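The values are calculated or read from the model by the stated rules, or taken from the named source; none is laboratory data. None of the values given here were measured: they were computed from a predicted structure. All Cβ positions, glycine included, derive from the backbone under ideal geometry; neighbour counts span all protein chains shown. Remember, those area values only see protein heavy atoms, side chains included, never the ligands or the DNA or RNA. Shrake-Rupley method; radii C 1.70, N 1.55, O 1.52, S 1.80 Å.
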Amino acid sequence: MVKAIRVPEHGGPEVLIWEDIEIPDPKEGEIRLKQKAIGLNFLDVYMRQGLHNTSPPLPYTPGMEGAGVVTAVGPGVTSCKVGDVVAYASLQVGAYAHERILSADQAVPVPSSVEPVEAAAVIFKGLTAHVLIHKGFKVERGHTILVHAAAGGVGYLVCQWASAMGATVIGTVSTEEKAVQAKEDGCEHVILYKDENFVERVMEITLGKGVDAVYDSVGKDTFEGSLACLKFGGSMVLFGLASGEPEPVRVSQIALKSLNYTFSSIAYYTDEDRDAMRIAAEDLFSNVAKGVLKVRVNHKYPLSQATQAHTAIETRKTTGSVVLIPGEE
């Protein structure tokens, strides 16, 4: 038996409970992990609320990202061995536990130059950032991009990475504190969207031209404005729906400026191309080790305090990454 957080019913953070669960031996193609750290994702909140289309059947152990040490391997596993430190990002829930079973093909090796806590904090969000700037819209030197929620878990990594690639980054944030972080993370221009009209500011900054791409995880509240910020032939890259789903897009909204519109997600790697996922993870960890990406582990909670962590992330009181630490109860 091991300790774990469970979701017995859909609802607010208070539905999370702390209890003992059985962890079986790994089956064909599976590994067993003793977890060092577990990352929090806003998808965890959506699933707990029952709002996500992949919300698992109740009851379940939440969480989709983490890092740990392999303690057992099932038949047929050749990609890792007992003692290896690995990280994972997957829609296969079960992370909020001291130990877990995981499909071996979801795990990627963590180099010794990256701490397990860093790996857990960055694996899901970092791979999401990777797919955004390489697949959603391929960022290149000279591009100007707009990143909403620039101090958030994915946003701050997109800002750092795109800036390092030579792009001019404009970020929107809600507070002065977050504006300071966004500046440190490579935003050349920061917009406090509660105090300023972000569309007007973007057009002012770009001298009326607009941006090459918008990376939008907010959804409904920013969607129309995001489209208005794009230059002719620009790309609208939606990757989250924090404020709800936008109204359906009309052809006329994108036809006038020949806009591109896509929804990008980590599923490109986790579900579609596992080889690409391993290559992307190597690229991610390499950039972390070289200091190109600074992993902001701004909030740590003992695993048993997942309720408090969920409350913080749900009320937008967090910046950077949030992690749960097993064994610190």
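Overview of values
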item	result
Residue in segment 92-112 that is in a loop (DSSP other than H, G, I, E, B), over 26 Å from Ala309 (Cα atoms), out of contact with any Asp or Glu (no Cβ under 8 Å at 6 or more places or on another chain) and not acidic (Asp, Glu) present	yes
Residues of segment 66-121 satisfying the condition of being at pLDDT 95 or above and among the acidic types (Asp, Glu)	Asp84, Glu99, Glu115, Glu118
Every residue from segment 161-177 that is buried (at least 24 other Cβ atoms within 10 Å of the Cβ) and in a helix (DSSP H, G or I)	Trp161, Ala162
Pairs, first within 13 Å of Ala149 (Cα to Cα) and free of Cβ contacts under 8 Å to residues at least 24 places away in the same chain in segment 180-197, second loosely packed, with under 15 Cβ neighbours inside 10 Å and among the acidic types (Asp, Glu), C-beta under 8 Å, six or more apart	Leu192/Glu176
Flag if Val69 is surrounded by fewer than 20 Cβ atoms within 10 Å (Cβ to Cβ) and closer than 20 Å to Lys300 by Cα	yes
Answer residue from segment 261-277, given it is surrounded by fewer than 18 Cβ atoms within 10 Å (Cβ to Cβ) and touching a helix residue (DSSP H, G or I) at 6+ places or on another chain (Cβ under 8 Å) and is nearest to His130 (Cα to Cα) among those	Ala276
Whichever residue in segment 105-123 is small (Gly, Ala, Ser) and open to solvent by 10 Å² or more (accessible area, probe 1.4 Å) and, among such residues, is farthest from Lys3 (Cα to Cα)	Ser113
Pick from segment 292-329, criterion part of a strand (DSSP E or B), within 10 Å of Ala121 (Cβ to Cβ) and of a type in the set (Val, Ile, Thr), ranking: nearest to the chain's Cα centre (by Cα)	Val322
Members of segment 136-160 that are open to solvent by 10 Å² or more (accessible area, probe 1.4 Å) and either in a loop (DSSP other than H, G, I, E, B) or free of Cβ contacts under 8 Å to residues at least 12 places away in the same chain (or both)	Phe137, Lys138, Glu140, Arg141, Gly142, His143, Ala149, Gly152, Gly153, Val154
Residue in segment 193-214 that is most open to solvent (accessible area, probe 1.4 Å), counting only those that are out of contact with any strand residue (DSSP E or B) (no Cβ under 8 Å at 6 or more places or on another chain) and among the hydrophobic types (A, V, I, L, M, F, W, C)	Leu207
Matching residues, segment 1-22, being in a strand (DSSP E or B) and not small (Gly, Ala, Ser)	Val2, Lys3, Ile5, Arg6, Val7, Ile17, Trp18, Glu19, Asp20, Ile21
Some residue of segment 23-41 being in a helix (DSSP H, G or I), among the hydrophobic types (A, V, I, L, M, F, W, C) and crowded, with 17+ Cβ neighbours inside 10 Å	no
